[in-house]
Amino acid sequence: MASAWAKKMKSDDIDHIYRDGRHYDCLFGEPNMSFWLDIIATYGAPVLELGCGTGKITIPIAEAGYSITGIDLSEAMIQHARRKAKDQKLPVSFKLGDMSSFEEDQKFNVVILPSNNLAHLMDYREAMNCFFRAYDHLSKDGVFVIDAFVPSLSILTKSSDEIETISEYEDPDGKGMFKITASAIYENHTQIRRVTTFQRKPDGSVSEGHLNMKMYFPQELEGLLNHSGLEIIERYGNYQKDEFSSTSMRQIIVARKKKKRDNQTGSGKG
Ligand SMILES: C[S@@+](CC[C@H](N)C(=O)[O-])C[C@H]1O[C@@H](n2cnc3c(N)ncnc32)[C@H](O)[C@@H]1O
């Protein structure tokens, strides 16, 4: 499993943002924990997080007293998550694994795919495999919760000459400021946004990285879930649970096993 990430992803799919958990933790803001804790208060534990990274969501859920397992394909991210949980003496099970093919020996009341992790599933087969795995790991009344961006045409059609600042943060080793900028090009036929990232280090040197993000449109996502034996019971446009609409930036979906399964849905195992 040591090189699972490298084996699965083509080398140009790996970006520096997932190579060092300490840097990842500085890059983005904090997750909306009141939303996630509310979901778990409603549907219960145990919880499984797919693509848990450094445990930014996993650890606060464990801190709130819920049983949670996190799976991630990046060894660097998992190691950092384990260190953080150990420092806080929290009993979180962090596992190296692929969200499209994992196998756990328990069922979960809540399986979450947060933080736009959906974009790491590069085609519909990977997405279906992930949804089948989620299906098979859900308890009878369990829910699968997906939090992803709505692909925005104005963002997708931006020129690749446009360079956007993603984040500026203090080096965790205290050597100065890091700055991450990015440009992107969207491929119509694959629905993949190919992002080139530039990491400017405190010494002024710049390293280039590549991150591919698959765009899933709302109707497409509903169809894939439906074919995986899942039905949407709630769909929100933001963490405040406003109704999903044409102006929503996010698609936050709560799905459960269909009460009546269609033919050819689910993996047939769960
Ligand atoms: C945007 S980060 C989110 C991390 C965490 N959920 C958070 O909110 O901070 C996406 C994570 O998904 C992981 N990942 C990408 N593809 C994966 C796969 N096929 N299986 C498991 N994890 C994957 C990456 O290593 C990364 O840690």
Report the relative contact order of the chain, percent, no decimals, based on alpha-carbon pairs under 8 angstrom and at least 6 residues apart. 17 percent
So how tilted is helix 124-137 from the main axis of the chain? Cα-based, degrees 0 to 90, rounded to 10. 50 degrees
Karplus (6.51, -1.76, 1.60) ³J(HN,Hα), θ = phi - 60°, over segment 101-113, in Hz, Gly and Pro reported as x: 8, 5, 9, 10, 9, 9, 9, 10, 7, 9, 10, 10, 10
Report, by chain and number, residues whose modeled amide H sits under 5 Å from the one on D171, excluding near sequence neighbours (fewer than 5 apart, same chain). G176, M177, F178
Return P(r) of the chain (all Cα-Cα pairs; 5 Å bins starting at 0; whole %; ordered from short to long distances). 1, 6, 12, 16, 19, 18, 14, 8, 4, 1, 0, 0
Give me the angle, in degrees from 0 to 90, between the Cα long axis of helix 75-87 and the longest principal axis of the Cα atoms of the chain, rounded to the nearest 10. 80 degrees
For a quick protection proxy, order the peptides 151-158, 225-232 by their average other-Cβ count within 10 Å, most packed first. 225-232, 151-158
Counting sequence-distant residues (5 or more places) and residues on other chains, those with an amide H built under 5 Å from that of V143 are V110, V111
How large a share of the accessible area of segment 153-214, in percent, is made up of carbon and sulfur atoms when the probe is 1.4 Å and the other protein chains stay in place? 49 percent
Check which residues have an amide H placed less than 5 Å from E49's amide H, if you skip close sequence neighbours. T69, G70, I71, I112
Calculate the tail of P(r) for segment 153-214: the fraction of all Cα-Cα distances greater than 16 Å, expressed in %. 50 percent
Whole number in Å², please: accessible area per residue of segment 153-214, 1.4 Å probe, ligands, DNA and RNA not counted. 59 Å²
In degrees, nearest 10, the alpha-carbon axis of helix 218-227 is tilted away from the dominant principal axis of the alpha carbons of the chain by 50 degrees
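The values are calculated or read from the model by the stated rules, or taken from the named source; none is laboratory data. Computed from a prediction, not measured in an experiment: that's the story for all the values here. Virtual Cβ from ideal backbone geometry, glycine too; neighbours counted across all protein chains shown. Each accessible area value is taken on the protein alone, full model and side chains, heavy atoms only, with ligands, DNA and RNA left out. Shrake-Rupley method; radii C 1.70, N 1.55, O 1.52, S 1.80 Å.
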